[in-house]
Every structure is written in structure tokens, then in C-alpha cells.
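Notes follow once the structure below has been shown.
Read the figures in this text as sums done on the coordinates, not as results from a lab. Just so you know, these numbers come straight off a predicted model, no measurement behind them. Please note: Cβ atoms are built from the backbone with ideal geometry, for glycine as well, and neighbour counts cover all protein chains shown.
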Amino acid sequence: MKIAFSAEDEAFRAEVRAFLDEKLTPEMREEARKTTTVFAEKDLAMRWQAILVEKGWAVPSWPVEHGGTGWSITQKYIWNEECAKAGAPGLIPLGLRMLAPVLFKYGTDEQKAHYLPRMLSGEDYWCQGYSEPGSGSDLSSLKTSAVKDGDDYIVNGTKIWTTHAQFADHIFCLVRTDPNVRPQKGITFLLMPMNLPGIKVDPIITMAHDHEVNQVFFDDVRVPQSNRVGPENEGWTVAKYLLEFERGGGGAAAGIKIALGELKSVASKERDDGTALIDDPGFRARINELEIRREALEFAELVTLSRLSRGDSPGAGSSLSKNTSVEISQQISTLKMEAIHYYAMPHANLISLNGHTDPRVGPDYAETATARYLNSRAASIFGGAREVQKNIIAKTVLGL
Ligand SMILES: Cc1cc2nc3c(=O)[nH]c(=O)nc-3n(C[C@H](O)[C@H](O)[C@H](O)COP(=O)(O)OP(=O)(O)OC[C@H]3O[C@@H](n4cnc5c(N)ncnc54)[C@H](O)[C@@H]3O)c2cc1C
């Protein structure tokens with residue numbers, strides 16, 4: 001298999017780098033670098049989105065007539081890779097990369113005309129109402145009910161782990177419209193404004209002290225049937241289609257390279273006893289192992305890219321890449337905790353001493369390490385838990 005980028009692709013890469021050099025300010029890079037949560041801060045992501053919309057590069061995968069770039073799969077990969085290398089903030093994918101493909105495939109013309117431009121301009125901000133207490137990996141067991149009443153549905157139930165629901169003005173939800181059939185058969189996909197009477201959002205504060213996820217309650221919420229996407233009771237097909245877009249677009253190896261570089265830099269700092277951790281053979285061996293795994297991941301990503309550009313599907317490649325990239329990232333954050341030593345005390349970065357207004361303790365590079373370490377544990381749960389990915393690999397690759 002030949003894996004090489006063409007001269008045109010390399011010219012495109014140069015164009016992307018020049019754009020990022022010009023538009024991605026040092027302040028934005030610094031804000032993105034300090035992000036500890038899965039998504040960038042809303043304000044930062046929306047500022048970057050506005051810049052990309054102006055350039056016409058915000059939604060590479062959308063159809064060109066709706067604002068897409070028409071890039072090849074390779075160009076999209078290069079874009080993702082260069083953004084990761086430059087430390088660009090990620091755009092919030094909930095609307096742009098998750099709901100939008102669903103609307104293109106299953107939405108009515110009215111829904112497309114109404115929602116897509118507002119999503120792109122940032123006027124509407126979406127969250128995802130799939131998971132419920134007791135229905136995560138086993139999503140089709142979900143219980144939030146929607147009962148028809150005239151032209152509306154009356155929705156009751158709760159959704160949990162709803163990322164950015166505290167910012168969102170819209171939610172896309174899976175609801176049960178028929179409890180008397182096979183679980184997958186009685187589900188419907190609904191769009192709702194968050195200001196409908198009967199919707200309540202309760203924050204969930206994580207161990208990292210982040211407010212990223214929430215629990216959303218629905219108490220007799222009246223939703224017009226015209227807010228349904230796809231036919232009634234066929235929401236499972238719509239839901240699965242959306243999940244295909246939930247995992248990233250490749251390029252994780254590039255971001256991991258940056259993180260490994262940062263780890264090596266921190267571990268190279270002189271300690272109180274005059275030595276540096278990086279010179280410890282045991283520690284060094286663990287970094288080397290991660291570097292080898294990162295390189296293997298990069299090749300796996302390129303193999304997937306090569307399959308996609310031939311029109312094949314990624315197969316189990318996305319599950320393998322997801323598990324590998326998450327494992328490497330989690331191990332990097334663990335080693336960073338070791339490297340920063342006592343500054344890795346839980347929330348040392350949040351301790352406020354004697355009324356000092358600047359709550360930081362320790363050097364800059366230690367500031368976000370604990371929060372990032374804690375938050376990175378979530379990556380092997382959301383977007384398809386690690387064991388669920390392993391089940392997919394066992395079935396499709398090993399034939400078990
Ligand atoms: C930070 C974060 C953000 C999230 N954001 C959203 C959001 O915006 N919207 C939304 O709808 N959901 C969101 N989720 C929820 C996420 O999709 C679920 O947490 C995930 O699907 C797992 O479900 P669960 O938490 O119920 O765990 P469970 O499904 O109960 O899993 C518990 C454990 O059992 C294992 N397990 C489960 N089934 C199997 C199996 N068949 N074989 C082997 N092992 C298994 C899992 O791997 C896991 O280790 C978010 C989660 C997190 C952590």
C-alpha cells in the first residue's frame with residue numbers, strides 16, 4: 001500500500017498553515033491550550049467558528065450548496081491534522097458535525113432551511129439528549145416518553161450527561177413513542193427549543209470542578225409534531241446515523257505528538273535534587289512506549305484515510321483508533337501528573353491562599369494538569385465506551 005500525499009495535497013497543506021498562522025492568534029492558541037474539558041469553551045469556539053465561516057472553512061463535510069468546502073477526504077484529514085498541530089480550538093460538534101448530517105439525510109426542506117443557517121451563524125446552539133440514567137451503552141432501552149396529543153407530543157422523562165445543556169438553546173432528543181414493541185422500534189427523534197415550558201437543566205459538576213455536563217428534565221413538555229426528524233418510531237435509524245459522525249475526523253496522532261512534546265518538556269525540568277525525571281530510565285521507557293504507539297496510530301489513521309479515499313468504509317478502524325488514541329492520551333496525562341510531582345495534588349491549581357485573587361499555585365505548565373488528567377478519564381466512556389469498542393473489534397476483526 002502506498003501512503004503518500006500528492007503535490008496538490010502538500011500545496012493545500014501550505015495554504016492551511018498560512019491561514020492558521022494568520023488567523024489563529026497567540027491568545028486563542030493559549031486559551032485552547034488551557035482547555036481541560038472535552039469541548040472548547042463556548043465563547044472561544046464561537047469566535048473561531050465565526051473566523052472559519054468568513055473563510056468558508058467551518059463545515060468541510062457539508063454539501064457545497066450549504067457552505068461545505070468540497071474538499072477531498074485527504075484534504076479534510078490534512079485540515080484536521082494541521083489544526084491539531086497549530087493547537088486550534090475545536091468547533092462544538094453537536095450541531096455542525098452531529099445534527100447537520102442527520103438533517104441533510106432525514107430533515108424536511110423546512111427544517112433544513114430553518115436550522116442549518118442558524119447553526120452555522122451560531123444563532124442556535126445545540127445539545128444532545130440521548131443518554132438517560134440506566135440507558136447509555138444500552139441506549140435503545142431509553143424511557144423518556146412522547147405521547148401524541150393533537151398536533152403535539154407531550155414529553156416526560158430525563159436525559160443525563162448532556163454536554164453544554166447550560167448554554168444550549170436547542171436539544172435533539174430520542175424519545176419513546178411506542179413502549180409495546182421491540183425497544184429499537186418505538187423510538188422517535190425530536191428537536192426542541194430549550195425554553196419550552198417544563199424543561200429544566202440541573203448542573204453536574206465533575207471531579208475536575210468543570211461544569212460541562214448536566215441532567216435535563218422534561219415535565220409535560222409540549223412539542224409540535226413538525227419538530228420530528230424522520231418518521232415516527234424510526235428514530236433508532238436516525239440515531240445510529242448520527243452516531244457515525246460522533247467520532248472525530250482523524251488526525252488524533254498529530255494532537256498526541258504535541259502533548260508528548262509538552263510532557264517531555266515538563267519532565268526535562270530540573271528537580272530539587274538537581275536531576276531531571278526524563279533522565280530516569282524507567283520514566284523514559286514509558287515515554288518511548290507511548291511514542292511507538294503514537295507512530296502506529298498515525299499509520300493506522302493513514303491506512304483508514306487510504307481506504308476512505310478509495311470509497312471503502314473505515315470498518316473497525318475507527319474503533320481501533322478511538323481506543324488507541326484515548327489510551328495514549330490518558331497515559332500522557334498520568335505521566336504529566338507524575339512529572340509535576342506535588343503540584344499534581346488534586347486541585348492544587350485551584351487553591352486560593354489568604355485571599356489572593358490569582359488562585360494558581362505552581363508553574364504555568366502545572367495549572368491544568370490535574371483537571372485534564374481527571375477529565376481525560378471520560379474519553380473512554382463517551383462516544384462509545386472502551387469495552388463497547390472492543391466488542392466491535394472482537395466481532396468484526398476477530399470474528400468472535
Ligand atoms: C464527559 C461526557 C459527556 C457526555 N455527553 C453526552 C451528551 O452530550 N449527550 C448524551 O446523550 N450523552 C452524553 N454522554 C453519555 C455517554 O454517551 C454515556 O456515558 C456512555 O454511552 C456510557 O453509558 P453509561 O454512562 O450509562 O455507562 P454504561 O453503559 O452503564 O457502562 C458502564 C460500564 O459498563 C461497560 N459496558 C456497558 N455495556 C457493555 C457491554 N455490552 N460489554 C462490555 N462492557 C459493557 C462500559 O464500557 C462501562 O465501562 C457523555 C458522557 C460523558 C462521560
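Observations
- Cα centre as origin, Lys/Arg/Asp/Glu Cβ charges: the chain dipole, Debye: 940
- Taking 0.36 nm per residue of sequence separation and removing the Cα-Cα distance, the Arg29/Ile204 pair yields an extension gain of 60.2 nm.
- Global geometry of region 193-241, whether rounded, prolate or oblate, following the gyration tensor of its Cα atoms and the 1.5 cut on a/c: oblate
- Placing pseudo-labels 7 Å out from each Cα toward the beta carbon at Arg271 and Arg17 gives an inter-label distance of 3.7 nm.
- Size descriptor, Kirkwood hydrodynamic radius, that averages inverse alpha-carbon separations across the chain, Å: 22.9
- Inter-centroid distance (Cα atoms) of region 180-198 relative to region 31-66, Å: 29
- Taking region 1-153 and dividing mean pair separation by its residue count, relative contact order in percent (alpha carbons under 8 Å, at least six apart): 21
- Distance from the C-alpha centroid of region 106-157 to that of region 276-338: 35 Å, rounded to the whole angstrom.
- For the cross-link pairs Lys105/Lys159; Lys55/Lys336; Lys112/Lys257; Lys34/Lys269, the ones whose C-alpha atoms lie over 27 Å apart are Lys55/Lys336; Lys112/Lys257.
- The three principal axes of the C-alpha atoms in region 252-396 carry coordinate ranges of 60, 33, 25 Å, sorted with the longest axis first.
- Computed as a quarter of the hull surface, the mean projected area of the alpha carbon convex hull for region 125-242 stands at 7.1 nm².
- Structure-based [θ]222 nm, the chain - -39500 (n - 2.57) summed over DSSP H runs of at least 4, per residue, nearest 500: -13500 deg cm²/dmol
- Derived from the Cα gyration tensor, the three semi-axes of the equivalent ellipsoid of region 174-267 are 37, 21, 12 Å, largest first.
- Calculated FRET efficiency for the pair Asn156/His211, C-beta based, R₀ 22 Å, to 0.05: 0.30
- Cα gyration tensor, region 55-180 - rounded (a/c under 1.5), prolate or oblate: prolate
- Under the criterion of Cα pairs below 8 Å and six or more residues apart, the relative contact order for region 252-396 equals 24 percent.
- Burial order of peptide ranges 365-377, 8-20 (average beta-carbon count within 10 Å, highest first): 365-377, 8-20
- Solvent-free Debye calculation, one equal scatterer per alpha-carbon of region 119-187: log10 I(q)/I(0) at 0.12, 0.13, 0.17 Å⁻¹ equals -0.36, -0.42, -0.68.
- Shape call, region 1-125: gyration tensor on alpha carbons, a/c limit 1.5: oblate
- Relative contact order for the chain: 14 percent, from Cα pairs under 8 Å spaced at least 6 residues apart, divided by residue count.
- Ranking Gly122, Thr108, Leu243 by Cα position along the charge dipole of the chain, where only Lys, Arg, Asp and Glu carry charges on their C-beta atoms, puts Leu243 farthest toward the positive end.
- Helical segments meeting 27 Å axial Cα length and Kyte-Doolittle -1.0 threshold in the chain (DSSP H): 281-309, 317-340
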